[in-house]
Amino acid sequence: MKEVNFDQLQEKIYTETLDNGLKVVILPKRGFSKTFVTFTTKYGSIDRTFKPHGKDELITVPDGIAHFLEHKMFEKEDGDVFQKFSLNGASANAYTTFGRTAYLFSATNKLKENTKILLDFVQQPYFTKQTVDKEKGIIAQEITMYDDQPDWRLYFGTIENLYENHPVKIDIAGTVESIQDITAEHLYTCYETFYHPSNMLLFIVGAVKPEEMMEFIKEDQAKKSFDKPEAIERQFPTESTEVDVSERTLTMDVSKPKLNIGMKCNKVDLQGQEMLEAELSANLVLDSLFGRTSAFYEKANAEGLVDESFSYEFTMEEGYGFAMVGSDTDEPERLEKLIRHTIKDAKSNWPVLEEDLNRMRRKKIGQFMRSLNSIEFIANQYTRYEFNEMNLFDVVPTLEKLSMDKLKEAFAMFSDDNSYTIFKVMPPKTQ
Amino acid sequence: MFNKTKLQNGVHLYIRKTEQFKTVNVTIKWKAPLDQKKASERAVLANVMEDSTKQYPTVGSMRKALDELYGTVLFTDVSKRSSQHMVSLYTECVNDEFFAGEDIFKQLWQLIRSVVFDPNVSNKAFDPDVTEREKRNVRDRIRSIYDDKTRFAQKRMLEIMRPDHPASISAYGTETAVSEITNESLYATYEDMMNNDLIDIYVVGDIDENDIIKQIKQFLPFAARDAVKQNELPDVKVSDSVNTVREKQDMKQGKLHLGFHTPVSFHHPDYHKMQVTNGVFGGFAHSKLFMNVREKESMAYYANSAFASHYGIVYVTAGIDADLEEKAVKLILEQLTALQNGESTEVELSQTVALLENSILSANDSARSQIEIFDQYKELDENFSAERLIEKWESVTLEDVKEMAKTIQLEIVYLLSGKEDVSE
């Protein structure tokens with residue numbers, strides 16, 4: 001077991017990669033009552049074309065399967081796993097993103113019992129035709145629920161505009177139609193390919209004794225047998241740096257128009273420290289161009305072009321990335337112009353001063369320190385960083401040394417004219 | 001737990017010293033009787049106070065000052081509890097120990113002082129542009145509930161179930177009440193809040209208690225005020241017949257909301273028994289609603305119950321195919337009937353108590369949750385602790401659950417669903 005100290009943050013992590021390839025990370029938190037445990041596989045909705053474990057031919061599986069699999073892990077021959085967690089006072093859940101599936105619980109009691117339940121249920125699949133078919137009704141209602149959420153439609157509509165081929169444009173849960181094709185055999189194929197311990201990370205944070213816990217996990221894993229780790233071969237379609245569709249509008253029963261601007265990232269092969277620098281820099285750029293201290297915000301706010309829903313974000317993963325800026329607005333055309341103008345202007349006349357950079361740097365460092373109060377943040381983000389070969393605890397030292405040039409480089413990643421798309425959700429026209 | 005200090009009549013300070021967090025939280029709560037018109041005034045006021053101060057007269061200058069203090073958080077919000085309306089100011093800054101030579105905490109007090117005692121006011125009126133903008137923002141916030149169909153359905157159900165009652169009054173008031181606000185009325189509301197509200201101040205973090213008391217006396221010199229007597233909740237006459245309401249919008253899923261009455265509410269001696277009963281009914285993923293409506297019948301992704309304890313209301317929400325309304329209602333009511341007939345098990349009971357315990361103990365891991373939970377429970381017990389509540393939950397029996405379930409009476413079935421042809 002390796003110990004790593006982060007003195008500046010007053011945190012210490014314990015890590016070990018077990019014989020079966022599973023990476024275990026433990027972070028004890030002083031004074032915490034609960035422990036939060038996540039068991040995550042590097043497998044999400046975008047992993048739809050791949051070579052199944054032990055096979056040589058690529059296959060493509062139905063859309064929404066990673067999420068479907070996540071649901072089905074909870075049902076076993078002897079019943080529902082939630083029942084077991086509840087008996088031990090643990091609150092359990094799971095989620096699927098584009099690139100990860102995470103199973104998790106939080107508990108203030110019986111940490112070992114609950115960890116054992118988590119490891120067992122994720123490492124012992126049980127799928128039958130009957131249980132798979134039964135789930136289709138539940139997931140169909142989940143998909144329908146999202147269909148009625150205008151902000152979700154706005155977000156996904158923007159991604160669909162940005163990407164022509166990449167599966168990031170496919171809804172994580174799939175569609176009511178696509179999930180009908182999912183079978184128990186599909187689930188086993190995906191499970192065997194992506195749920196090998198060597199493709200997974202177990203993170204334990206909160207009230208935990210590291211040595212004891214690591215021993216417990218090692219013993220458990222040593223008792224289970226797994227195939228030899230195999231490299232996973234995924235295939236992704238080629239994707240240009242240009243957006244697929246430059247503008248689309250969806251009509252929904254909303255009280256006010258919603259505008260979202262998407263900007264496609266032209267650098268999608270970064271990993272590790274380079275990726276960390278790029279994404280932190282991109283976030284600082286968006287902060288300075290669109291944050292509450294920006295000239296843009298002052299004008300948009302004064303003129304009533306944005307409201308409390310205004311937000312912006314930057315997303316970067318292996319193979320895709322984008323910036324988004326959006327708000328509910330009565331004047332989508334004027335707001336769109338102002339956003340476009342802000343981007344265009346920054347290209348010819350760089351607006352970020354050294355003092356702005358220093359101020360935003362301080363803000364981000366403070367924000368990061370604050371987020372370390374949340375054990376959920378630590379577990380989820382550490383895993384995401386690790387899967388991208390970054391370390392969560394490098395954020396502060398990296399922020400400290402970010403230069404203006406890095407910000408300019410980051411801005412160049414998403415500010416091409418042909419990387420820009422508009423998506424609107426509009427209320428029905430009044431008769 | 002929190003140490004209480006009386007600063008003035010009607011102004012109290014609650015401090016919790018802990019080394020658990022990397023930040024210090026300071027929260028101020030102003031409490032007044034809930035009233036539709038006042039709620040709107042106070043919602044806009046909260047926004048205006050967050051926007052700017054005399055010292056920092058623009059959003060930009062205010063936010064720059066906060067950013068310089070290592071991204072110190074400062075925001076306001078309004079909420080309601082029973083017949084009380086609350087304006088809250090939330091602030092959080094990183095512990096000084098992480099940044100040698102900085103004095104962040106001291107500067108935070110100055111900022112809070114500026115927001116609370118020195119707002120952006122001249123001639124007894126707020127800046128008209130700011131007022132108009134924040135009126136628009138609060139109005140849009142009220143309107144935007146329409147875009148979230150679950151929230152909208154819940155709002156409609158409560159309005160029909162408890163018209164003109166605190167249970168259905170929004171903490172933001174109404175669009176009409178917002179539109180009637182003037183700079184002058186807003187300033188009058190500010191003065192009223194500063195002079196007459198009950199004030200609770202919370203500080204959580206690695207701090208020196210005596211130092212905090214000294215700082216607050218220096219920076220936040222609130223005057224004494226008489227304890228406002230809280231409004232009694234109006235009596236509710238519950239009809240014996242069930243009200244069925246169906247409304248339509250352009251949407252896909254059916255939002256089924258069932259409202260039930262119970263005489264057991266927050267101040268009732270059986271309150272903790274009803275918390276457990278709600279948990280067995282539909283509070284968790286092991287509960288009857290989840291196991292039967294979702295897992296057994298595959299009819300819904302979510303099917304939950306909740307206990308609005310301050311208003312004696314239990315409600316059930318489920319997202320369903322609207323064509324299956326009748327079947328879903330029947331299935332939900334069967335779960336309640338099962339509880340009333342004593343058809344719950346020791347396993348269901350112990351699962352529920354274990355998860356209630358987990359949730360209250362977990363709340364200790366967030367300073368905000370500690371504050372919110374204590375602020376609520378101190379009304380029942382000034383010496384509230386999670387352990388005391390847990391003891392009570394553990395004493396609840398299956399017989400108690402049965403008796404509690406028998407008090408739960410269906411009042412309304414509300415369904416919000418799509419029109420025949422959904423335009424896309």
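The values are calculated or read from the model by the stated rules, or taken from the named source; none is laboratory data. What you see is a predicted model, and the numbers here were worked out from it, not measured in a lab. Backbone-built Cβ (ideal geometry, glycine too); neighbour counts: all protein chains shown.
Some points to look at:
- Within the stretch A:348-373, tally of residues that are part of a helix (DSSP H, G or I) and either facing chain B (nearest Cβ under 7 Å) or touching a helix residue (DSSP H, G or I) at 6+ places or on another chain (Cβ under 8 Å) (or both): 16
- Of all residues in the stretch A:18-30, those being within 14 Å of chain B (Cβ to nearest Cβ) and at pLDDT 95 or above number 3.
- Exclusive hit being part of a loop (DSSP other than H, G, I, E, B), among the acidic types (Asp, Glu) and in contact (Cβ under 8 Å) with a residue 24 or more places away in the chain, set B:Glu41, B:Glu19, B:Glu50: B:Glu19
- Listed by position, the helices (runs of 4 or more DSSP H) enclosed by the stretch B:61-178 that each have at least 1 residues that are within 24 Å of A:Asp330 (Cα to Cα) are B:128-143, B:149-161.
- Any hit, the stretch B:82-94, residues being crowded, with 17+ Cβ neighbours inside 10 Å, modelled with pLDDT of 95 or more and farther than 27 Å from B:Ala39 by Cβ: yes
- Options A:Ser419, A:Ser371; residue that is modelled with pLDDT of 95 or more, under 19 Å from A:Asp287 (Cβ atoms) and either out of contact with any Gly (no Cβ under 6 Å at 6 or more places or on another chain) or surrounded by 21 or more Cβ atoms within 10 Å (Cβ to Cβ) (or both): A:Ser371
- Residues of the stretch B:198-248 that turn out to be surrounded by fewer than 12 Cβ atoms within 10 Å (Cβ to Cβ), over 22 Å from B:Gln376 (Cβ atoms) and among the basic types (Lys, Arg), as a count: 2
- Of the residues making up the stretch B:17-38, those that are among the charged types (D, E, K, R) and either away from every other protein chain (no Cβ under 14 Å) or crowded, with 20+ Cβ neighbours inside 10 Å (or both) are B:Lys22, B:Lys29, B:Lys31, B:Asp35, B:Lys37, B:Lys38.
- Restricting the stretch B:58-87 to residues that are out of contact with any helix residue (DSSP H, G or I) (no Cβ under 8 Å at 6 or more places or on another chain) and in contact (Cβ under 8 Å) with a residue 24 or more places away in the chain leaves a set whose member that is nearest to the other protein chains (Cβ to nearest Cβ) is B:Ser79.
- Residues of the stretch B:272-287 that are touching a residue at least 60 places away in the same chain (Cβ under 8 Å) and within 12 Å of chain A (Cβ to nearest Cβ): B:Gly279, B:Val280, B:Gly283, B:Phe284, B:His286, B:Ser287.
- When the stretch A:84-131 is limited to residues that are of a type in the set (D, E, K, R) and under 18 Å from A:Met200 (Cβ atoms), the one that is surrounded by the fewest Cβ atoms within 10 Å (Cβ to Cβ) turns out to be A:Asp120.
- Checked against (1) without any contact (Cβ under 8 Å) to a residue 40 or more places away in the chain; (2) surrounded by fewer than 23 Cβ atoms within 10 Å (Cβ to Cβ); (3) assigned to a strand (DSSP E or B), B:Pro269 passes all but condition (3).
- For the stretch A:165-177, the count of residues that are within 14 Å of another protein chain (Cβ to nearest Cβ), touching a residue at least 24 places away in the same chain (Cβ under 8 Å), assigned to a helix (DSSP H, G or I) and over 17 Å from A:Tyr420 (Cβ atoms) is zero.
- Filtering the stretch A:288-302 for residues that are touching a Leu at 6+ places or on another chain (Cβ under 8 Å), away from chain B (no Cβ under 14 Å), modelled with pLDDT of 95 or more and surrounded by fewer than 23 Cβ atoms within 10 Å (Cβ to Cβ) leaves an empty set.
- Candidates in the stretch B:88-131 are the residues that are among the hydroxyl-bearing types (Ser, Thr, Tyr) and more than 14 Å from chain A (Cβ to nearest Cβ); of these, the one that is farthest from B:Leu66 (Cα to Cα) is B:Ser122.
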